[in-house]
C-alpha cells in the first residue's frame, strides 16, 4: 500500500476529502476575486491582501472547534460524569485524523460554508501581489 494514500501531501489533504463541486465553487470564487481586483488600484489590492492575512482558514476553525469540545468535556467530566471525557478523546482523535489524513467530521460543513485552506488563501494573495506589481523587478 502506498503511504501517500494513507498520508496525502499536506497541501492536498483537505481538497482530496472535499466534494469536487465544493472545491470548484471555492476556486471559482477566488478567480472571481482576482478578476475583480485586476481592475482596482494598488491601494485597494493591498487592502484585500491585508484582509486575506486575517481570513480564518480550515485549520483555525478545526483547531478551535476541537479545543472548545475538549475544554467542555473536561469540565463536564470533572463535575458531572467521567463518561464526558470520552467526548474530548473523540475530538482529539478526529483532530489527529485531520492532521494526518485531512478529514474529520466538521470538514465537509466548513468547506460547504466556503472556508478555505491556508494554501487556497495563499494562492489568492500571490495572484494579487503579482497584479499589484510586487514581483515586477524579479528576473
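Taking the listed residues 57, 81, 28, the one that is exposed (fewer than 12 other Cβ atoms within 10 Å of the Cβ) and within 23 Å of residue 112 (Cα to Cα) is 28, with no other qualifying. Inside region 39-54, residues that are exposed (fewer than 13 other Cβ atoms within 10 Å of the Cβ) and either in contact (Cβ under 8 Å) with a residue 60 or more places away in the chain or under 22 Å from residue 98 (Cβ atoms) (or both) make up a count of 2. Taken over region 60-78, the residue count meeting the criterion of being closer than 29 Å to residue 12 by Cβ and surrounded by 12 or more Cβ atoms within 10 Å (Cβ to Cβ) is 9.
Counted as qualifying within region 1-54 are the helices (runs of 4 or more DSSP H) with 3 or more residues that are out of contact with any helix residue (DSSP H, G or I) (no Cβ under 7 Å at 6 or more places or on another chain) and modelled with pLDDT under 95, namely 3-6. Considering region 98-135, the residues that are without any contact (Cβ under 8 Å) to a residue 40 or more places away in the chain and not in a helix (DSSP H, G or I) include one that is farthest from residue 53 (Cα to Cα), namely 105.
The values are calculated or read from the model by the stated rules, or taken from the named source; none is laboratory data. In this text the structure is predicted, and so the values were computed from the model without any measurement. Counting neighbours? That spans all protein chains shown, and the Cβs are built from the backbone with ideal geometry, glycine included.
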